[in-house]
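Report on the following structure.
The values are calculated or read from the model by the stated rules, or taken from the named source; none is laboratory data. Keep in mind that this is a model prediction, so the values were computed, not measured. Neighbour counts are summed over all protein chains in view; Cβ atoms, including those assigned to glycine, are modelled from backbone coordinates with ideal geometry. For accessibility, only protein heavy atoms count, side chains too; no ligands or nucleic acids. Shrake-Rupley method; radii C 1.70, N 1.55, O 1.52, S 1.80 Å.
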Amino acid sequence: MSYIDEIIQQVIEKNPDEPEFHQAVREVLDSIRVIVDANEEQFRRDALLERLVNPERQIKFRVPWIDDQGNAHVNTGYRVQFNSAIGPYKGGLRLHPSVNIGIIKFLGFEQIFKNSLTGLPIGGGKGGSDFDPKGKSDREIMSFCQSFMSELFKYIGADTDVPAGDIGTGAREIGYMFGQYKRLRGVFEGVLTGKGLAYGGSLARTEATGYGLLYITDALLRDHNMSMQGKVAAVSGAGNVAIYAIQKAQQLGAKVVTCSDSTGWIYDPDGIDVALLKDIKEVRRARLTAYKEARPNAEYHEGKGVWSVKCDLALPCATQNELTLDDAKQLVANGVIAVCEGANMPTTEDATKFIQEKGILFIPGKASNCGGVATSALEMSQNSERLSWSFEEVDAKLKGIMENVYKNISAAAKKYGMEGNYVAGANIAGFEKVLSAMNAQGIV
Ligand code: NDP
Ligand code: 2IT
């Protein structure tokens, strides 16, 4: 059996009940066969792949917190410090009831290659908790965040591990966590990114993931002699990534006709009203039914359905495995031109394969959503030099990074005879830098 297949099997056996982690490992390892097969003897001797798929460290802890009625609750907190070959661990904190160690490992593993692709010095990590922020008061959120940080602070720091937001963790949660870290450590340092502008946050970090997704989508279309102008886009999600993806798509001349949340989805033939969506999700923290109430021309449907809408561009921005084979078939039948992932691994394995086989342009999340973490790294730079850059400066850097990522993943795919396969290109380009850093640092 090849070294790659042995490792894939080992990952499945040693990490049972972690299907998302298996999926992420399979996708990366499958793509780097060309490199591993050519160096199999050396890689085996150095246990290179074993070191790649086993996190450097996994931290799991109890998070007790008290609700507004005085009742105590206990959630589980995680931080997986996956790979520090190219820099301090970097990656978000997910707060969602579905969080378990397998989910955090899949996200942490993806983060290694994503962070490498940004070209910035950041390693891969991820964390979070099965805490559900939905329906909680500000006080309850604060109670949870302070308790979570009371344990996590022991393991993180501006030069060791720098967490940030993800599903369920936005500016409010980062603020409470930062306050507690500072209180416990007595140090004001850039230990988290996605901070508020008043205490070390970066302009354009809030917008970065969504904007970055559109900058790379735009680069992709231009490279194929097309443009964003007049394109119809379907977006899923209604959170941080989705909102700013919709905004930038509209600025670039596309019409975005959908968005969704965990209970339903909107079809708005006139184009999504971003200001309204932001108010509903960021201020009122309400359901999408509120959108329909304010825009009678729009349709609200319960459940899933965004991918049934005819569109040129599909931009999944909600969560993993939300775009299935049936969805892919529907998109292709409707003439979709490109699928670019805003979320982490939103397209199932069989759907990705189908989309690629049909010759549809496809950019995987680790390349197309890396603008968020790239801008987090820019926030770290600003914190280190104790300066803050203008919105225009950060946005221009973000755009440059996304255009570079597109160039690098295209070039890597071409170099290994897989032109246009951006999944392979992203995994190979991301892996090459990590490999070189791991080799240089010896067996650690
Ligand atoms: P948010 O919490 O801001 O928004 C998530 C959105 O997706 C919400 O609209 C939510 O619905 C919906 N959603 C979440 N889980 C599910 C689910 N299980 N089923 C259906 N809908 C769901 O998160 P983000 O926008 O930050 O993250 C979205 C995706 O992007 C994630 O995959 C994340 O890992 C990835 N990502 C985020 C980055 C960032 O900078 N924030 C950077 C790179 C990737 P509801 O409103 O009902 O909660
Ligand atoms: O998945 C991701 O890249 C993020 N949630 C952002 C991580 C970060 O450190 O900004």
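Can you quote the Å³ per residue value for the convex hull of the Cα atoms in the range 200-350, rounded to an integer? Mind showing how you got there, number by number?
On the way: hull volume 17.0 nm³, N = 151.
Convex hull volume per residue, Cα atoms: 112 Å³.
Sorted largest first, the spans of the alpha carbon positions of the range 233-278 along the three principal axes are 29, 21, 17 Å.
Over the chain, the fraction of Cα-Cα pairs per 10 Å bin, rounded to whole percents and listed from the shortest bin up, is 4, 22, 33, 27, 12, 2, 0.
Dividing the Cα radius of gyration of the range 88-140 by its Kirkwood radius returns 1.11 for Rg/Rh. Mean residue ellipticity, 222 nm, helices only, the chain: the sum of -39500 (n - 2.57) across DSSP H runs of n ≥ 4, divided by residue count and rounded to 500, is -14500 deg cm²/dmol. Between N439 and S98, the contour length at 0.36 nm per residue exceeds the alpha carbon distance by 119.2 nm. Remark: for residue pairs K231/K399; K126/K231; K114/K136, the C-alpha separation exceeds 28 Å in K126/K231; K114/K136.
Segment E6..E419, full-extension length gain: 145.9 nm, with 0.36 nm per residue of separation and the alpha-carbon distance subtracted.
Sorted on the mean count of surrounding Cβ atoms within 10 Å across their residues, most packed first, peptides 382-388, 20-26 read 20-26, 382-388. Here the accessible area of the range 211-344 is 49 percent carbon and sulfur, with a 1.4 angstrom probe and all protein chains present.
When each of the peptides 156-165, 371-380, 291-300 is scored by how many other beta carbons lie within 10 Å of its residues on average, the order from highest to lowest is 371-380, 156-165, 291-300. Expressed to the nearest 5 percent, the antiparallel share of DSSP beta bridges inside the chain is 55 percent. Please check which bits of the range 193-229 a label hung off S390 would reach, taking the label as a point 7 Å along Cα-to-C-beta and the cut-off as backbone N under 15 Å. In the range 193-229, the label zone of S390 (backbone N under 15 Å from the point 7 Å along Cα→Cβ) covers 203-204. In terms of the mean number of neighbouring beta-carbon atoms within 10 Å, the peptides 244-251, 172-179 order highest first as 244-251, 172-179. For the range 21-147, take the convex hull of the Cα atoms, compute a quarter of its surface area, and give me that in nm², please. Taking the Cα atoms of the range 21-147, their convex hull projects to 8.9 nm² on average. The convex hull drawn around the Cα atoms of the range 263-328, when projected onto a plane and averaged over every direction, covers 4.8 nm². Counting Cα-Cα pairs of the range 154-277 in 5 Å increments starting at 0 gives whole-percent bin shares of 2, 10, 18, 17, 14, 12, 11, 8, 5, 2, 1. A Förster distance of 41 Å, applied to the separation of the beta-carbon atoms of K14 and K353, puts the FRET efficiency at 0.95. For the range 313-444, the Cα-based Rg and Dmax, in that order, read 17.0, 52 Å. Based on protein heavy atoms only, the range 211-277 ends up with 30 Å² per residue of surface accessible to a 1.4 Å probe. Separation of the alpha carbons by more than 29 angstrom is noted, of K60/K407; K90/K248; K358/K407, for K60/K407.
The range 188-266 and the range 328-374 have their alpha-carbon centroids 15 Å apart.
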